[in-house]
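The values are calculated or read from the model by the stated rules, or taken from the named source; none is laboratory data. The shown structure was predicted, so the numbers you read here are calculated from the model rather than taken from an experiment. Reconstructed Cβ throughout: ideal geometry from the backbone, glycine too, with neighbour counts over all protein chains shown.
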Amino acid sequence: MDRLLITGGVPLEGTVWVSGAKNAALPLIAASLLTDRPVELDQVPELVDVTSMLRLVQRIGTSATHVGGAPGRIRLHTPELLSHEAPYDLVRKMRASVLVLGPLLARAGRARVSLPGGCAIGPRPIDLHLKGLERMGARIELVDGYVEARAPEGLRGAEIEFPQPSVGATENLMMAATLARGSSRIVGAAREPEIVDLSLLLRSMGARIEGAGTSVIEIEGVARLDGARHSIMPDRIEAGTYAMAAAITGGRLEVRNAPLELLGAAREKLVEAGVELVETADGFLARRANGILEGVDVMTRPYPGFATDLQAQFMALMSVARGAAMVTETIFENRFMHVPELVRLGARITVHGGSALVRGVERLKGAPVMATDLRASVSLVLAALAAEGRTEINRIYHLDRGYEHLEKKLAAVGARIERVP
């Protein structure tokens, strides 16, 4: 199993390019199942999760080919569904695999999808997905760890109200509703930019969708969808991570292919912490404003609040800030598993239930650490970049799920980082 060796203390300087968003790519790949016409996606990131999703749709009947030899452009074509099953051996690796459920039901009237796996950051049930599909006329049973769903007469439009926003459920039901008979209305929908990106692809395929990006999404079902070409949005989590990499090392990075507004609420918190963010033609510059980082409290919230996927990185940043910061996690349980590893690097962090009190230290020190999930992994990378001496990060396969060519991008801007088997 690969590991990273990082010798810290080097300010990062230069330009880093943000890849297409993993959290947008996965539902977009699933959406290609809704049509028998080709769908072309640009800016597809080379990630383990993307490869897993491509393998899944290929198992169902999709041909996936790189266009013009470019690794970031993929043509997906599913002239017919050869299977209606998403098996455990594929779904267990990544919970986003459940996003094929809505498209399969909408197009074929049946689906058999294993209950999902993914990061060990607490329970993330799919009840809202299933209840919404039942409202649309699907008959659903849980059999031997599989969701078995049928809608032999097709799905019908319905009003679905979420008790709390769910990105996955919003995406699954949006896709299902595009081919349902009549009108659907999702109330309390998640508002993430990745949902807007999915709606852009679906609309270019002929879907009738209004309100994506707001809490109420309305979909008028159509008889069929066509092919389309779509460029995947930049990864806002990767952009935020590189902004913090510049700040934690005391360097200066030009983050390209990432409009500054993509950072959402994280932008305000970074500025409050003493990070200067200057908009450029195709991204932004990030560096410390006056050489000092200040402790800032954050609380994760559904979009447009502070993203839970940036919480671990921000905690690493706060570990070298002046004063104290309270980091509160409200989205997922068990998302403080990076804390003991940051403490091994010298961070002063105390966990109280869903909050962690971070008291900044003058410097971190390298040590062997273990990655526990995707965002925890990259928080250790940030801490290691700032630490004195060498850090060895083990179990880095999590990083390959969500950060395209991370060590190469960091090495290109001055990081002393090496991947070793």
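Restricting 130, 105, 142, 200 to those that are aliphatic (A, V, I, L, M) and surrounded by 23 or more Cβ atoms within 10 Å (Cβ to Cβ) reduces the list to 105.
Only helices (runs of 4 or more DSSP H) whose full extent lies in the stretch 235-322 are considered here, and the ones with at least 3 residues that are under 23 Å from the mean Cα position of the chain (by Cα) and surrounded by fewer than 24 Cβ atoms within 10 Å (Cβ to Cβ) are 265-272. Within the set 157, 109, 182, the sole residue that is modelled with pLDDT of 95 or more and at negative phi turns out to be 157.
Flag set for residue 214, criterion: β-branched (Val, Ile, Thr) and in the same structural domain as residue 72 (by TED's automatic domain parsing). If only residues of the stretch 393-418 that are assigned to a helix (DSSP H, G or I) and in contact with a strand residue (DSSP E or B) (Cβ under 7 Å, 6 or more places away or on another chain) are counted, the one that is surrounded by the most Cβ atoms within 10 Å (Cβ to Cβ) is 410.
The listed residues are 239, 245, 223, and the only one of them that is out of contact with any Lys or Arg (no Cβ under 7 Å at 6 or more places or on another chain), aliphatic (A, V, I, L, M) and more than 23 Å from residue 306 (Cβ to Cβ) turns out to be 223. Identification of strands (runs of 3 or more DSSP E) wholly contained in the stretch 36-94 with 2 or more residues that are within 22 Å of the chain's Cα centre (by Cα) yields 39-42, 74-77. Applying the criterion of being hydrophobic (A, V, I, L, M, F, W, C) and assigned to a strand (DSSP E or B) to the residues of the stretch 333-381, the residue that is nearest to the chain's Cα centre (by Cα) is 370. In the stretch 379-414, the residue that is farthest from residue 43 (Cα to Cα) out of those that are in contact with an Asp or Glu (Cβ under 9 Å, 6 or more places away or on another chain) and of a type in the set (Val, Ile, Thr) is 393. Can you say whether residue 10 is aliphatic (A, V, I, L, M) and either assigned to a helix (DSSP H, G or I) or buried (at least 24 other Cβ atoms within 10 Å of the Cβ) (or both), as far as the supplied structure shows? When the stated conditions are applied, residue 10 does not pass them. Anything in the stretch 345-403 that is touching a residue at least 40 places away in the same chain (Cβ under 8 Å) and on the phi > 0 side of the Ramachandran plot? List them, or say none. Matches in the stretch 345-403: 346, 389, 395. Here residue 198 fulfils each of the conditions (1) modelled with pLDDT of 95 or more; (2) outside any helix (DSSP H, G or I); (3) out of contact with any strand residue (DSSP E or B) (no Cβ under 6 Å at 6 or more places or on another chain); (4) over 14 Å from residue 215 (Cα atoms) apart from (2).
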